[in-house]
Amino acid sequence: MATEASGFPRFSFGSTVSDIFGVIGRNFLLLCGLALLLYGVPSALFTVYLMNSIMSLASDSTFSSGGNPFDIFGMLGTGFILGIIGSIFISIYTQGAMIWSVLHDLDGGKPTFGGALSAGLRFFLPILAITIIFYVAIAAIATIPALLVFGIGVISIAVLLFFFIIIPLLVFATVLLMWAVPAAINERIGPIDALSRSIYLSSGNRWKLVAMLVIYLLTAVIVSSAISGAAMPFTMAGDLDPASPFDGLMPIMAIQSLLNSLILVLGYPAIAATYHNLRISKEGASPEGVTDIFE
């Protein structure tokens with residue numbers, strides 16, 4: 001691996017990809033189990049609940065006869081709102097558990113299922129705070145076109161600004177802040193410090209990180225499309241009842257929710273391994289790691 005003037009290894013796309021697939025290979029069953037049990041199963045259950053709720057709405061004469069479409073949220077009930085909130089919390093918990101597992105491995109340890117569950121709980125609040133700050137920043141950037149439309153009244157200009165300014169800003173913000181969660185876990189620092197560390201670690205390598213982000217997003221789209229395509233023959237082969245079309249689709253969509261969770265087996269190791277290599281390129285081998293957190 002090439003070195004910088006500082007004497008530390010240069011951040012390399014190739015070595016990072018090698019680390020990603022290396023850590024996945026060493027912990028494949030653990031990562032798949034965490035993705036399926038912590039995220040896939042709850043997502044499948046929520047899908048079943050949502051489909052049942054939609055079926056109930058479809059059979060409701062008040063709604064189907066032209067009721068206020070905004071009443072759908074009230075008619076879905078508090079279970080729908082709680083399900084959305086629960087999905088966010090489950091995603092944060094899963095993220096903590098899986099990223100800890102990857103960092104633990106990269107620091108020379110052997111992650112366990114119990115250790116991952118403990119880590120997800122331990123780092124839940126810092127990750128929640130980072131997530132809120134991150135999405136507030138993203139939302140603030142994304143609302144600029146709407147403000148411009150109200151300000152200048154020209155939609156075409158706002159659309160151009162969205163594609164040529166807002167989207168690049170969103171990508172740049174993501175590249176700056178994406179490494180905050182592994183920083184919070186690995187270095188055991190607070191959310192603000194973790195965000196600052198993420199900005200610092202990404203400096204000097206942001207174009208490489210943009211390229212990696214685009215490649216990962218394309219890969220995720222391809223994998224998700226492949227999963228949907230694999231489920232399509234079962235959907236088309238099903239004998240759907242016109243009176244209850246969702247009955248036949250429900251098990252297929254639940255299974256698809258389970259399989260889609262496996263995308264996390266690539267995503268979270270990619271984030272953690274990239275952070276790990278960014279830190280090495282800035283500071284050399286980390287003096288501390290996560291190997292002793294739960295020992």
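Listed values for region 270-279 are Karplus-derived 3J(HN,Hα) couplings in whole Hz (6.51 cos²θ - 1.76 cosθ + 1.60, θ = phi - 60°), namely 5, 5, 5, 5, 5, 4, 4, 6, 5, 5, and x replaces Gly and Pro.
Per-residue SASA remark: TYR135, around 140 Å² accessible (1.4 Å probe; ligands, DNA and RNA not included). Contact order for region 166-219, expressed relative to its length and based on alpha carbon pairs under 8 Å spaced 6+ residues apart, stands at 36 percent.
The values are calculated or read from the model by the stated rules, or taken from the named source; none is laboratory data. Nothing here was measured: the structure is a model prediction, and the numbers come from that model. Keep in mind that these areas ignore ligands, DNA and RNA; they rest on the heavy atoms of the full protein, side chains included. Shrake-Rupley method; radii C 1.70, N 1.55, O 1.52, S 1.80 Å.
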